[in-house]
Amino acid sequence: MRTRVIIGVIVLLTSIFSCKKWVETKSDESTYVVDVLTDREGFSRALAGIYYKMGSATLYGRELEFGMLDVMVGYWKINKQHEYYPDYNFDYHSLSSERRIAGIWSGLYRAIHDCNVILDQVDKIKSDPYYDLIKGEALGLRAFLHLELLKLFGPIIKQEGLDTRAIPYYSSSSREVQEFLSSRACFALMEQDLQAAKILLKADPIITRGREADGNHVGDRYNSLIDRRGIHLNYYAVLALLARKAQWEGNMGEAAVRARFLLDQLGDTQAVRFIAPSEAIGGNIRFTKENIFGLYINDMDEVTEDYFPSGDIAPNRALPLDFNSFLIYLYAKDTGTSTDLRVSAWGMFSVFLQKFMAPTMTASGYDPDLYEAQIINLPEIYFILVEAFLDRDLEKGLNYLNTVRRARQLPELKFSDKWTKEKLAENLLDEVRREYLGEGYLFTYYKHLNHTIYRSTGSIDPDRKIFMLPIPVEEQQLNQGYGIKK
Amino acid sequence: MELKKNSFDFYLFISLKNGLRLIVLFFVFIFFTDQAAAQSITLKKDKSPLLEILREIQHQSKLDLFGDFDLLKGVKPFSIDVKNRDLAQVLHELSDGQPFSLSLYRDAIVIEAAKLRAKEEKTSKLLSGTVKDENGFPLENVNIRSLIPPYRAVTTQSDGSYQIRVDTDQELLFSMVGYEPLRLKLNGEIALHVQLKSQQQMMEEVLIHRGYDSRKPLSMTGASRSITRRELEQFNSNNIFTVIQSIDPTFHIDQNLFAGSNPNIIPDVTIRGINNVGEYAINSPLVILDGFEVSLERLYDLDINRIESITLLKDVSSTVLYGSRGGNGVLVVETRPGTAEKLTLSYDMRSTVTAVDVGDYHLMNAAEKLDFEKLAGVYTVTAGTFPPAEENIEQARLDNLYNRRKANMIRGVETDWLSQPTHSSLSLAHSIRAEGGVGRIRYGIQGNYNNLAGAMKGSGRRRIGSTFDLVYRKPQKILLRNNLTYLSNKAYQSPYGPFSRYAQMNPYQPLRNESGDLVRQYADESLEELQYNPLYDAGLPHRADEYATILTNNFSLEWNISPVLKLRSTAVLEKNTSKSEFYLSPLHSRFARADQDSIGQYSSGKGNGNGYSANVNITYFKTRKKHAFSTSLIGEVKSSSFKQDTRQLIGFTADLERSSLPKYAKSNQLVHRDIENRLLGVLFVGNYTYDQKYILDASYRMDGSSKFGENARYGNFWSLGLGYNLHQEHFFKRDWIQELRLFTNTGVNGTDAFLANMTLSSYVLSPGQVYYKEFGLSYFNEGNPDLHWPQIHSWSVGGTGKLFDGRIAFSYAYYSKVTDRMISLITVAPSVGLPNDSYFENMGKVQNRGFEAAATIKVMENSKKTLSWYLTASANRNQGKLIEISEALRQLNASNLVRTNEGLYKQTVYYEQGKSINNIKGVRSLGIDPASGQEIFQKINGRLTNEWDINDITVIGNREPKLFGNIHSAFNFRQFSLQAYFSYTLGGDIYNHTLADRVENSDPRLNTDIRAFYDRWRQPGDQAAFKDIRNVEKTGLTSRFVQRENTLQLSCLMINYDFLGERIKKYRLQRLRLNFSVNGLLRISTVKMERGLDYPFARTFNIGCMIQF
């Protein structure tokens, strides 16, 4: 009897403990990070996921391009019924604005967290030939995203200097909340990330093949990391960001050196270049060839169709160009002329800007050039140089401006003694205003300069309350470090 | 000669005639299966009385000794010296030459007069028959012996049959371990069929089924409540939850303000408070149906007629058996197996009338509403909103509007919107059951159909079930049971949409236009909520159905390996499917303002699940003198998987015939889910009882679950319990005390309320998510690999008693539980960048303390016991509070300030150390200033202000009642019984949302509670409870809307009548029972608040009858 009991107990126990493996099953409801980030494909899909998310309407699909940011600088006519009306009035505490701003804040920080998840795991594939590319892109993106947040939510550096509270900087995927740092501290961390990315990306395929080429060989397993580098945070994007960062830091000397270095590199490779007028008219209307870094937006037509409608118009959404009573003076008068390539290429005499009209499929399939949102373009580098030479050498500055004007089919401006810093600065600002229509660039540029915002309904004086988007309430309440100034 | 008596199936008894040593033979057939060893005796005695020697032999051989002891009296003392001698031989030697014979029967030594044997051969005859248990199962090895000389004994065979030679006036004793002995006097019968009652049945004692084992209530060391079929039958109700709550109020059903009496919403249920707080916390008890874990929904749909018993396990000494899953309490449900041998048919029919109860609504009539609108300024142009030139035009338009509506009202338009989507409905439930058996086999077949119509038109729940039970039983040896069950239910939602839509429509809005057609759109309404006639929407093609089917096979085995060893095992296989379909017509008013290409919605889902579980349970028990000891070792595995595909189509212009799929849709989404969970557990249970007085319980369980991260895959759970039956103590014995028992227990168990993705970070890959040519993985969920099982430490002390011959019975239990490592969804600052800004963390401690007290008094009973009246009252209290709050949890307060689309904050949990977890938050208010009609708030720092400030939010109320319970009155007169269950709650706070959302924050254009018209401030000096009638600003969370709630409810009133005996026998009926019951007949509350917002509450009237053939 006793032996029977003992045998029974032993059988029972062994059968249960042999089930250890059995109990470690996983639901395949989700794709678990530990399973995905094990090879190149997993990492490149995770990266693609970040870019995809950045292209959503709450970020570069709309709000940070033609949406909220460009509403505020007055490119579009906004009436009382319009869903952007509170934003147009800088009423950041209205429910809709508040949600939009919270969406931008958390959207950018989520992308940062996603980069950090990749960076925390990437050393698992150290031996992979694409390790450098993956890590470099993720580091560069992390710096880019932080700079974007600083530009939008940080202080007016021109007015307050570098030592007031800016934003939190996240250098790891830990769930630890980071406190708010000063702009200076943020720039230092950005610099670190960008310098590391610069080294990692030194063999970026964009250098040899250009921004649009596909480096995949027929028959190989598709590798998105070497296809169309212009829509990845590539080597040139890192160089541009280094210049942009120095520009925002107020270190214009360094900015000029970095911008010049980038232009020299591009001059050799022509990987990114000015578009030829013939390419632009009726073809590459978004000047994609000039994008040092662009975001590919697969559902571009859906993102834009309500706002630049070709058919039914929803009056509370559509964004008609504020042309006849406002932009016409910018493009066709004063510093502009109607020969401007942009006026014709972007269809500026119609109610809605043609630049963003939903791309239609052609017989040869769709044209990928029409699906890119511009994040950093070539003229910006010239504009940085113009700005840098304002205090040093007006003629050199004007030369750089003229390079852009030439590319846009505007007459060159002749240098003379009459040129003052103010006049060049005004010409520069007008050029920037003309260049970035619908690209969400101008608002933070005004902020960088701490400059009046020109609008058809009256100019808006620079003000911290306008230029510093409010930190979302959730962040203020949940981040213990918010009260700390550094 | 060695006599191996055990090796023969047939045994021949030989009796020797004294002196002649002649063998007188007679044959008795006895069937043996026992395996006791051959007996041998070693004995040395000098000149001892024969009885003493026999007693010694009896002791050595452990045999019974019986017969005519008088025969031994005259016998001289004996000397004996034997070593390892065969017993039969010894007995033979002892009786040699004596006036008596000693013979061996199976387990007895029989003393009888030697001479009688030969004589009786002639006068006696052979009696035969069968012995069965109360369920008709043949009993094997029953001892049958004669009590009058000549003594004789036989045992029954495997089919329960026996044969014994008896005299005509013999008296027989039938006995067997575990059964009540039966004495019968013969009267010349030659066949006698006997039924033995098991001792449990005799004691009429309800066993506490704990799933893995069953216990007598007096051997428990914790609180529990068993509900028998007899109790359930009396309720005659469709809703099993309210039945359980009526019987034991610690089973708490959350009153769902929104869902009302919607038969398709399964209410939230808790036992002894809320152990886990937060959005994903699961506090519902574990449901074990025939040993298998099932969802609460399954219990909800279970046909009450199938239930044999329901046991609520509350204390850790029992719930620890379920380890990681038992922390919220356990409901153990056992279904009826087939038991009767004779073919029995029973039919149960219940008709239910559901009558809508909108007594909580007090809406304005057309005249009041128009006056209210006028006062609130609906018909006055607000200065500044229009250019001065247009102001007059607008005012004229508004005047016109008012006059037109007034004319309508005078003409008699007074639409009763609330009655439009509701109806009183009759539904029928049928349940039929057949059971019977042959030999050791019993079967039961049952089928039920119940189509329960809801209070809203077109809504209801249809349940169909059938079950087939097969039982093989060899009493005291083996029990095999197989149960095959098929269940299906269909939940269909009303096309009328949420009830709240009707409560906002204005009484002056006519239903139909002049030509008698339903109005689709009210042209002069500017507010979207009022513009469309919900009745028009209700008439459009519609579908909102869910189907589910479940096929389950339960197999269980009980095998008594030996008197001390028992093996039990269950194996369950389950397959379930679910299907859902939802269709919203493109013509529905919801799409009135949508783009033409995104109107119309269709979605369908299909799910498939499989599950199995098995356990093996070995129990060893031993009783020695006053010590009783039992121990069980149980191993368990459980696995379930579920696959689901859902498809959603949005955007098709043409309305469709039902169930035909649209060909084209703008958005076509497919989602696939695949979930797999596994659990394994090892359980050890030990129980020791001394002299039926002291009870010690110890249990330990280890669980491993696939849901957990690698860092915390296994959890350990334990409990210790002590019981003390005071009434068994000699020094305590009193005539008037029948039972007095104390118990205490402590231990740790857990709750299983979490998902795998709480521990694992994950990406999702959806088809549309492509970046250029690459699939983009989107970071979906932040996992926390360090997440641990939440632990619930609890202890409890209590007692039960029965006094004065059962005139008074009472029970009391006090408990304290602390949930440690509670799993909370923690919200972090958005800059951390987590999906949804949240992840799961073990944090915070919640404590629940409370007591449960109940007493039953027999108020009256007549001597014949045909009339009786019992009163039972129970009082309970539970206070849950946060005793340790982490910083992160405190921060949750900020993120919990969720704003609605109107910019108002919702009433959500507010975490504050030492405060109830069932609190109400808001800003302290001193009321409405009679001078200005504005509200006066008190800031945290004590200052008074007119401004509502989010930073002044604090805890302003506790929803947990001070006391709650039931009062139950049961009156029985012969076969008639009248019972009433009242339930009460005292002293809880409630945030009166009607005051907040309807009296103050409602748009004056919507219809609302009459208090918005009568009780709001109008002019300086008004002492009003509510702010200025013209003020359209939203009121934030304020203590002004917190009210103390006391309620009394007649939750159930029932009348039963049983027809018995001859009156129904002539119709060949065994039983006929009539029931009438009403649920929710009466409710008195100190708070006037609209209840049943999305679906109204309803009363149900049930008439039922049960017939058994």
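Legend: distances between Cα atoms for B:Lys939/B:Lys1034; B:Lys490/B:Lys643; A:Lys135/A:Lys245; A:Lys198/A:Lys396; B:Lys314/B:Lys845; pairs beyond 24 Å are A:Lys198/A:Lys396. Mean residue ellipticity at 222 nm, helices only, chain B: -3000 deg cm²/dmol; runs of at least 4 DSSP H residues each add -39,500 (n - 2.57), and the sum is divided by the number of residues.
Take every pair of alpha-carbon atoms less than 8 Å apart whose residues are at least six positions apart; their mean separation over the length of chain B yields a relative contact order of 9 percent. Roughly what % of DSSP beta bridges within the protein assembly as shown run antiparallel, to the nearest 5? Of the beta bridges lying entirely in the protein assembly as shown, close to 95 percent run antiparallel.
Taking a ≥ b ≥ c as the square roots of the eigenvalues of the Cα gyration tensor, the protein assembly as shown is classed as prolate, since a/c reaches at least 1.5 and a/b is larger than b/c.
If you take the Cα centroid of segment A:134-164 and the Cα centroid of segment B:329-356, the two points sit 70 Å apart. Expressed as a whole percent, the accessible area of segment B:377-518 that falls on carbon and sulfur atoms is 58 (1.4 Å probe).
Could you check how much of the accessible area of segment A:318-425 is carbon and sulfur, as a whole percent, using a 1.4 Å probe? Whole-percent figure for carbon plus sulfur exposure: 54. Coupling constants for segment B:788-805 follow from the phi torsions by the Karplus curve (6.51 cos²θ - 1.76 cosθ + 1.60, θ = phi - 60°), and in residue order they are 10, 4, x, 10, 10, 8, 9, 9, 7, 9, x, x, 9, x, 9, 10, 6, 6 Hz; glycine and proline get x.
Of the cross-linked pairs B:Lys374/B:Lys1027; B:Lys73/B:Lys622; A:Lys80/A:Lys151; B:Lys132/B:Lys566; B:Lys374/B:Lys906; A:Lys418/A:Lys465, those separated by over 26 Å at the C-alpha level are B:Lys73/B:Lys622; A:Lys80/A:Lys151; B:Lys374/B:Lys906; A:Lys418/A:Lys465.
Across segment B:1034-1098, the relative contact order, built from alpha-carbon pairs under 8 Å that are at least six residues apart, equals 39 percent. Name the shape class, rounded, prolate or oblate, that the alpha-carbon gyration tensor gives for segment A:333-486, where a ≥ b ≥ c are the square roots of its eigenvalues, rounded holds for a/c under 1.5, and otherwise prolate holds if a/b is larger than b/c and oblate otherwise. Oblate is the answer for segment A:333-486, as a/c is 1.5 or above yet b/c matches or exceeds a/b. In a DSSP loop and with at most 12 other Cβ atoms within 10 Å, there are no chymotrypsin sites (Phe, Trp or Tyr not before Pro) in segment B:329-429.
Its DSSP H runs of at least 4 residues, each contributing -39,500 (n - 2.57), put the calculated 222 nm mean residue ellipticity of chain A at -14500 deg cm²/dmol, to the nearest 500. Summing both sides, the accessible surface hidden between A and B at a 1.4 Å probe radius is close to 6100 Å². Near B:Gly439, once Lys and Arg are set to +1 and Asp and Glu to -1 for all other residues with Cβ below 11 Å from its Cβ, the sum equals +3. Here chain B carries DSSP beta bridges of which approximately 95% are antiparallel, counting only pairs with both residues inside. Taking all protein chains into account, the per residue accessible area for the protein assembly as shown stands at 43 Å² (1.4 Å probe).
Amide hydrogen proximity for B:Trp718: with H placed 1.01 Å from N in the peptide plane, the residues at 5 or more positions away or on another chain lying under 5 Å are B:Arg701, B:Val748.
With the Cα gyration tensor of segment B:216-271 giving a ≥ b ≥ c as the square roots of its eigenvalues, does the rule (a/c under 1.5 for rounded; else a/b larger than b/c for prolate; else oblate) give rounded, prolate or oblate? It comes out oblate by the Cα gyration axes. For the peptide A:209-222, the mean number of other protein chain Cβ atoms found within 10 angstrom of a residue's Cβ is 0. Loop-located trypsin sites (Lys or Arg not before Pro) across segment B:502-610 with a Cβ neighbour count of 13 or fewer within 10 Å are B:Arg593, with loop assigned by DSSP.
Taking Lys and Arg as +1 and Asp and Glu as -1, the other residues whose beta-carbon sits under 12 Å from that of B:Gly801 total +3. Relative to the longest principal axis of the Cα atoms of chain A, helix A:2-17 runs at roughly 10 degrees. Near B:Arg397, once Lys and Arg are set to +1 and Asp and Glu to -1 for all other residues with Cβ below 14 Å from its Cβ, the sum equals -4. Sparse packing (at most 14 other Cβ atoms within 10 Å of the Cβ) combined with a DSSP loop state is found for the following GluC sites (Glu not before Pro) in segment A:149-244: A:Glu176. Along the Cα→Cβ direction, 7 angstrom out, place labels at B:Asp1003 and B:Gln648. What is the inter-label distance in nm? Placing both labels 7 Å beyond Cα along the Cβ direction yields 2.5 nm.
The values are calculated or read from the model by the stated rules, or taken from the named source; none is laboratory data. Everything numeric here is computed off the predicted structure, so don't read it as measured data. Glycine also receives a Cβ, built like all others from the backbone with ideal geometry; neighbour counts cover every protein chain displayed. Please note that ligands, DNA and RNA were not included when accessible areas were found on the heavy atoms of the full protein model with its side chains. Shrake-Rupley method; radii C 1.70, N 1.55, O 1.52, S 1.80 Å.
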